[in-house]
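Just below is one structure, and these are the notes that go with it.
The values are calculated or read from the model by the stated rules, or taken from the named source; none is laboratory data. No experiment lies behind these values; they were computed from the predicted model shown. Methodologically, a virtual Cβ is constructed for each residue, glycine included, from the backbone with ideal geometry; neighbour enumeration extends over all protein chains shown. Protein only, heavy atoms only, side chains kept; ligands, DNA and RNA dropped before computing areas. Shrake-Rupley method; radii C 1.70, N 1.55, O 1.52, S 1.80 Å.
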Amino acid sequence: MISAPGYRTLVTHLFFEGDQYLESDAVFGVKRSLVVRPKLNAGTNTVEYHFGLVRELQPGSRPPTLVAAGSKA
């Protein structure tokens, strides 16, 4: 769980490449973008991953309009 003031809380999960259970995920939460490969750094396996948070809406404001790539707004 990742949170910051003014942003919506993100609950997510990272998966290790090569895990035997990647293909049998019961809740279909495994996405290719969440599969990581640890790298050895000074004798310790580490993972670097950049997460993006969405700003919290102000009371009374409308959510942003989303337009699919390739379509006209």
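Observations on the model:
- Residue identified as among the polar types (S, T, N, Q) and at pLDDT below 90 among 46, 9, 65: 65
- Residue count, the stretch 28-44 (criterion: open to solvent by 60 Å² or more (accessible area, probe 1.4 Å), part of a loop (DSSP other than H, G, I, E, B) and either hydroxyl-bearing (Ser, Thr, Tyr) or closer than 27 Å to residue 55 by Cβ (or both)): 1
- Looking only at the stretch 1-27, and only at residues there that are out of contact with any Asp or Glu (no Cβ under 7 Å at 6 or more places or on another chain) and not in a loop (DSSP other than H, G, I, E, B), the one that is most open to solvent (accessible area, probe 1.4 Å): 23
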